[in-house]
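Down below is the structure, laid out as structure tokens.
The values are calculated or read from the model by the stated rules, or taken from the named source; none is laboratory data. The structure presented is a predicted model; accordingly, all values stated were derived computationally and were not measured. Cβ: placed from backbone, ideal geometry, glycine included. Neighbour counts: every protein chain shown. Just the protein is used for accessible areas: all its heavy atoms, side chains included, with ligands, DNA and RNA removed. Shrake-Rupley method; radii C 1.70, N 1.55, O 1.52, S 1.80 Å.
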Amino acid sequence: MLNRLQATRYIVQHVTDEPIIASLGNPKFDLFTAEDRPQNFYMWNSMGMASSMGLGLAMVRPQQKVIILDGDGALLMNLNSLPTAAVRAPQNLIHIIWDNRQFELTGGQPTHTAFGTDLAKLAQGSGFEQVSTVETQEAFELAFDRAMQHPGPWIIVALIDNERAAGRPPKSPTYIKHRFMGSLGVQPV
Ligand SMILES: Cc1ncc(C[n+]2csc(CCOP(=O)(O)OP(=O)(O)O)c2C)c(N)n1
């Protein structure tokens, strides 16, 4: 089965200055562990908000790919972001959902996907045309490369194992926000 840290390492090795918005908990721990970079936005505590933040960013910066690293539990908590993104349909959006079928960070409680909810089908039903489900590193790399090279929006549902990374990004949201905005050439307010 696919490993989130290994897949995240592939992502950071194949971007230049594209912003990456990582959902709270494990997606951001793995991103920080793979490579800390100013273009990484580490979401602290705001469960489900990575998808909405990434959509907004993709809409205002159409010249550059914007990558969202989400969790199944987090996306399920802000499910309206799927149809909203599908209707807005920014071609530069790449939304990756790490589906481990549980709220791993808070003790492994099962999410809806453990009982059959299919996030790829939800994305298709929302209006996304380019949706793939991957469960190997090779399939993930192919899907990610295609998403980076061609217009989207793209949804990649990655079925992953439950390994956790040890790295922890800085805890100051202000620091993260200012560094991130600086990397985009925007003056922090
Ligand atoms: C509104 C809200 N409810 C609950 C939490 C506690 N919480 C933090 S991470 C997490 C689990 C996230 O699950 P998922 O996105 O699937 O990622 P995983 O931990 O499985 O990698 C929960 C429930 C929170 N931060 N905010």
Selection within region 82-94 - open to solvent by 10 Å² or more (accessible area, probe 1.4 Å) and either closer than 13 Å to Ala120 by Cα or outside any loop (DSSP other than H, G, I, E, B) (or both): Pro83, Thr84, Ala86, Val87, Arg88
With the structure loaded, tell me whether Phe103 is open to solvent by 40 Å² or more (accessible area, probe 1.4 Å) and either within 18 Å of Ala165 (Cβ to Cβ) or among the small types (Gly, Ala, Ser) (or both) or whether it fails that test. yes
